[in-house]
1. For the condition within 30 Å of the chain's Cα centre (by Cα), of a type in the set (S, T, Y) and modelled with pLDDT under 80, what is the one hit in S333, S303?
2. Quick check on region 217-240. Is at least one of its residues within 30 Å of P38 (Cα to Cα) and aliphatic (A, V, I, L, M)?
3. Could you check region 71-106 and list, in sequence order, the residues that are among the charged types (D, E, K, R) and either outside the structural domain of W13 (by TED's automatic domain parsing) or more than 20 Å from A183 (Cβ to Cβ) (or both)?
4. Would you point out which residue out of A261, A225 is without any contact (Cβ under 8 Å) to a residue 60 or more places away in the chain, out of contact with any helix residue (DSSP H, G or I) (no Cβ under 9 Å at 6 or more places or on another chain) and on the phi < 0 side of the Ramachandran plot?
5. Of the residues A146, A190, which is aliphatic (A, V, I, L, M) and either closer than 23 Å to R124 by Cβ or touching a helix residue (DSSP H, G or I) at 6+ places or on another chain (Cβ under 9 Å) (or both)?
6. Considering (1) surrounded by fewer than 17 Cβ atoms within 10 Å (Cβ to Cβ); (2) among the small types (G, A, S); (3) out of contact with any Pro (no Cβ under 7 Å at 6 or more places or on another chain), say which one S98 fails and leave the rest.
7. So which of V277, V306 ends up being among the hydrophobic types (A, V, I, L, M, F, W, C), surrounded by fewer than 10 Cβ atoms within 10 Å (Cβ to Cβ) and closer than 30 Å to S33 by Cα?
8. Filter region 197-231 down to residues that are acidic (D, E) and surrounded by 13 or more Cβ atoms within 10 Å (Cβ to Cβ), then give me how many there are.
Amino acid sequence: MKIVNLSQRTPAWLAWRAQGVTASEAAVILGRSPYQTPWRLWAEKTGLCLPDDLSNNPFVQRGIALEDTARQGFEERHDTLLLPVCAEHTDHPALRCSFDGLTESDEPVELKVPAQKTWDAVAREGEDSLAFGLYWVQVQFQLAVAEAARGWLVFDPVRPKVRALEFVIERDAGFIEQELIPACLQFHEAVRKKQEPTPDPQRDCFVPMGEEALQWDRLAAQYRAAERRAKVLEAELKGHKAQLAEAQSGLVGLMGEFLLADQTDLRVLRYRQQGSVDYATALEALMPDLDPTLLESHRRPASERVRVTLKGDDAQPAPAEPDTPRRRRRKASAQASAPAADDSAASVTETTLEPEPIGYF
């Protein structure tokens, strides 16, 4: 391997990584990652799409903050020193590694500071766990660059009374030479020549090109204008509803104990409506041992939904609604069913289409 004199997490280090293929990208390139596709990685490296900003991710921040502690823990357990260095493959300099540490015998040590849930899964499932499978590829990449016979994969949550899980990773020469290196070099060439891999419609973003891009811009402008007008009308409607509620409250107050009033062109009827049954609570109380999977046969067909998010200057948050029990129930239901997303600074419109079966991934 060829050692590269760079300090990790510096601008020069980021530029060096961007010009090659790194160990952390290997599982994505091979199509083994559930978190990112080869097309998305290609799009980010060619500038077609912006990468996700993980700088404020608490798990990423914690991993960076505790990496030195995890490194020291390994050094103490194995009476060795780990050297965090950057290196390139001797024959294929596009293959690049930022090692968490190399032992005195140049064995790579990959340190992970996982969340408790991940650690529990690795402790329970071992080499069959998702995390192990992803990072096994990463260590094989490091073994290829370091020209080492074995390496280490360590899951250390750096928590009191929680032990580190250590795996010795033996070099898989067949996998490295026949699958890993060819795929990574081919991907690097695709990035260099801007040869787009086939996107996955279920996981990747649609990027309009040519005439479609012009149509997209026109429709997006139409949507923004309609959204701005809708907000004005919604605010006006909200004001009228507030006036209606105020007048109704006053009329009911004037009626006293009477249930009916019919004066001029206005009729007011007070009545009591029976509350609905909370079937979820009733089912839990009446049949606490019911297997939830039995309810799946009674589930209505899934419906496809569309969420449109306005980003930028037009994304003004809507005025807050009064906090009522009904609104809290509605909000809780929406949070339970909606996909996770940070829409705190964006305007979101969600549309329900006609029910039809959809695929899950």
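1. Values: S303 fails: modelled with pLDDT under 80.
Just a single option satisfies the conditions, and that option is S333.
2. yes
3. Restricting attention to region 71-106, the residues satisfying the condition of being among the charged types (D, E, K, R) are 71, 75-77, 79, 88, 91, 96, 100, 104, 106.
Scanning region 71-106 gives R71, E75, E76, R77, D79, D100, E104, D106.
4. A225
5. A190
6. (1)
7. V306
8. We begin by selecting, within region 197-231, every residue acidic (D, E); these are 200, 204, 211-212, 217, 227.
Next, only the ones that are surrounded by 13 or more Cβ atoms within 10 Å (Cβ to Cβ) stay: 200, 204, 227.
Of the residues in that region, 3 qualify.
The values are calculated or read from the model by the stated rules, or taken from the named source; none is laboratory data. Given the structure is predicted, the values throughout are model-derived calculations rather than measurements. Neighbour counts run over all protein chains shown; Cβ positions are idealised from the backbone, glycine included.
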